[in-house]
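Contents: one structure, followed by commentary.
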Amino acid sequence: MTPPRVFVVDDEASVQTAFIRLLVSAGYQARGFPSARAFLAEYRPVSPGCLILDLQMPEVTGLDLLETLRTTDPSLGVIFVSGRGDVPATAKAMKMGAVDFLTKPVDDAVLLGAVASAAQRSVERWLEREEHARLSERYAQLTPREREVCALVASGRLNKQSAFALGISEKTIKVHRAHVMAKLGVESVAELVRFVDRLRAGNGTGGVTAPRSGA
């Protein structure tokens, strides 16, 4: 995995330049943008990254950009900077997933510390997203019936109970269960449970829901 990239979006050229110089001197690959629109026009979520974002900018504000990134790249670590303390904006930014909120002028050590934290969080989120993609790809191989069996087994149902819930024979359940284990690449019920838990954690329920008895 390539090192996290750092982007600076600030309409003040002097601030943007100062931040980039500091980041480069600390060993980061940094790039600046004068506006949120300019950033969105070129940014591609191809690897973990950190965004140092000015709160107040013309046309598209920092909060507007963060709202967009929540759907296009939730793994990007966002640090807000502002020329003045703004408690409501700070609270909203943190609620929307920002890593930190700093007031200008920003101390160099404080900024670098925030960038390190944001970059680490971005890497963690990126790895989680990659894992969920791998799990989803395996889960997509299951037939509708196999998904039902998977959910029942993961919920702790015995073969006899699963058979009753689906209205099929216990022998058929065993066949489906073997197919599920093979397609998901797990060798035990415990591994299957962990697989389903990770899939659900990555995206809501992940579509893994057990049918009602008699279904």
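Does the stretch 98-120 contain any residue that is touching a residue at least 40 places away in the same chain (Cβ under 8 Å), within 14 Å of PHE19 (Cβ to Cβ) and of a type in the set (Asp, Glu)?
Yes.
Taking the condition among the aromatic types (Phe, Trp, Tyr), assigned by TED's automatic domain parsing to the domain that holds VAL123 and under 17 Å from SER117 (Cα atoms), does PHE80 pass?
yes
For the stretch 55-65: of the residues being out of contact with any strand residue (DSSP E or B) (no Cβ under 6 Å at 6 or more places or on another chain) and not polar (S, T, N, Q), which is surrounded by the most Cβ atoms within 10 Å (Cβ to Cβ)?
Kept after step one, since they are out of contact with any strand residue (DSSP E or B) (no Cβ under 6 Å at 6 or more places or on another chain), are these residues of the stretch 55-65: 56-61, 63-65.
Going one step further and asking which of them are not polar (S, T, N, Q), we end up with 57-60, 63-65.
On the way: MET57: 20, PRO58: 9, GLU59: 9, VAL60: 17, LEU63: 18, ASP64: 12, LEU65: 22.
Only one residue fits best here, namely LEU65.
Just the residues that are in a helix (DSSP H, G or I), in contact (Cβ under 8 Å) with a residue 12 or more places away in the chain and over 15 Å from the mean Cα position of the chain (by Cα), please, taken from the stretch 67-97.
ALA89, LYS92, ALA93, listed by residue number.
Looking at the stretch 16-51, which of its residues are in a loop (DSSP other than H, G, I, E, B) and not aliphatic (A, V, I, L, M)? Write out each step before concluding.
Going residue by residue through the stretch 16-51, those that are in a loop (DSSP other than H, G, I, E, B) are 26-29, 34-35, 43-48.
Correct list: GLY27, TYR28, GLN29, PRO34, SER35, TYR43, ARG44, PRO45, SER47, PRO48.
Given the conditions (1) crowded, with 16+ Cβ neighbours inside 10 Å; (2) at pLDDT below 90; (3) farther than 20 Å from GLN120 by Cβ, and given that GLY32 satisfies all but one, which numbered condition is not satisfied?
So GLY32 meets the others, but not (2).
Every residue, every condition in (1) modelled with pLDDT under 95; (2) under 30 Å from GLY97 (Cβ atoms); (3) not assigned by TED's automatic domain parsing to the domain that holds LEU23, yes or no:
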residue	(1), (2), (3)
ARG121	yes, yes, no
GLU124	yes, yes, no
LEU127	yes, yes, no
GLY167	yes, no, yes
VAL175	no, no, yes
HIS179	no, no, yes
THR209	yes, yes, yes
ARG212	yes, no, yes
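Go through (1) buried (at least 18 other Cβ atoms within 10 Å of the Cβ); (2) modelled with pLDDT of 95 or more; (3) touching an Asp or Glu at 6+ places or on another chain (Cβ under 7 Å) and name the single condition ASN159 misses.
Checking ASN159 against (1) buried (at least 18 other Cβ atoms within 10 Å of the Cβ); (2) modelled with pLDDT of 95 or more; (3) touching an Asp or Glu at 6+ places or on another chain (Cβ under 7 Å), the one that fails is (2).
Is the stretch 43-66 home to any residue that is within 25 Å of TRP126 (Cα to Cα) and free of Cβ contacts under 8 Å to residues at least 12 places away in the same chain?
yes
The values are calculated or read from the model by the stated rules, or taken from the named source; none is laboratory data. The structure presented is a predicted model; accordingly, all values stated were derived computationally and were not measured. All Cβ positions, glycine included, derive from the backbone under ideal geometry; neighbour counts span all protein chains shown.
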